[in-house]
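Visitor: Sharing a structure with you now.
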Amino acid sequence: MMQKEISLKNGPGLALRMQMKNAALLVIRAKKGFVMCGYLNMSIAEKLGDAACMVTGVDTFDDVLIAKVVKVSQKAIELGVMEGMTGKEALDVLS
C-alpha cells in the first residue's frame with residue numbers, strides 16, 4: 001500500500017493506493033469528502049451520506065487528479081462538485 005499527502009486548496013489531502021490483482025484501488029480524501037476510483041461503490045457512499053466523487057481508468061495519484069469526475073454523490077453536489085470537473089478541482093471544493 002502507498003500513501004501520500006496531496007496539496008489541496010484548503011489543506012492537505014490523503015491519497016491511498018493499493019494494488020489489487022488486476023488493477024489499483026485508489027482514493028484521495030479531503031476534509032469534506034473524497035474522490036475514488038471505480039473499484040469503490042458509489043451507491044454505498046450515497047447511502048452513508050458521504051461527499052464522494054468517482055473517476056475511472058486511473059492507476060496513479062496523478063491520474064486521479066487529472067481524470068474527469070463521472071459520478072457525484074448528492075452530498076458532493078450540495079458542496080459544489082459537478083460531473084466533468086477534474087479530480088483535483090473536486091478535491092479543492094471538498095478541502
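The values are calculated or read from the model by the stated rules, or taken from the named source; none is laboratory data. In this text, all values refer to a predicted model and were calculated from it rather than measured experimentally. Positions of Cβ are generated from backbone atoms using ideal geometry, with glycine treated the same way; all protein chains shown enter the neighbour counts.
Visitor: Within the range 50-80, restricting attention to residues that are of a type in the set (Lys, Arg) and either in a strand (DSSP E or B) or at pLDDT below 95 (or both), which residue is surrounded by the most Cβ atoms within 10 Å (Cβ to Cβ)?
Guide: Filtering the range 50-80 for residues that are of a type in the set (Lys, Arg) and either in a strand (DSSP E or B) or at pLDDT below 95 (or both), the one surrounded by the most Cβ atoms within 10 Å (Cβ to Cβ) comes out as Lys71.
Visitor: State whether the residues of the range 36-49 include one that is part of a strand (DSSP E or B) and surrounded by fewer than 18 Cβ atoms within 10 Å (Cβ to Cβ).
Guide: No, that holds for no residue.
Visitor: For the range 13-35, how many residues are surrounded by fewer than 16 Cβ atoms within 10 Å (Cβ to Cβ) and in a loop (DSSP other than H, G, I, E, B)?
Guide: Of the residues in the range 13-35, 5 are surrounded by fewer than 16 Cβ atoms within 10 Å (Cβ to Cβ) and in a loop (DSSP other than H, G, I, E, B).
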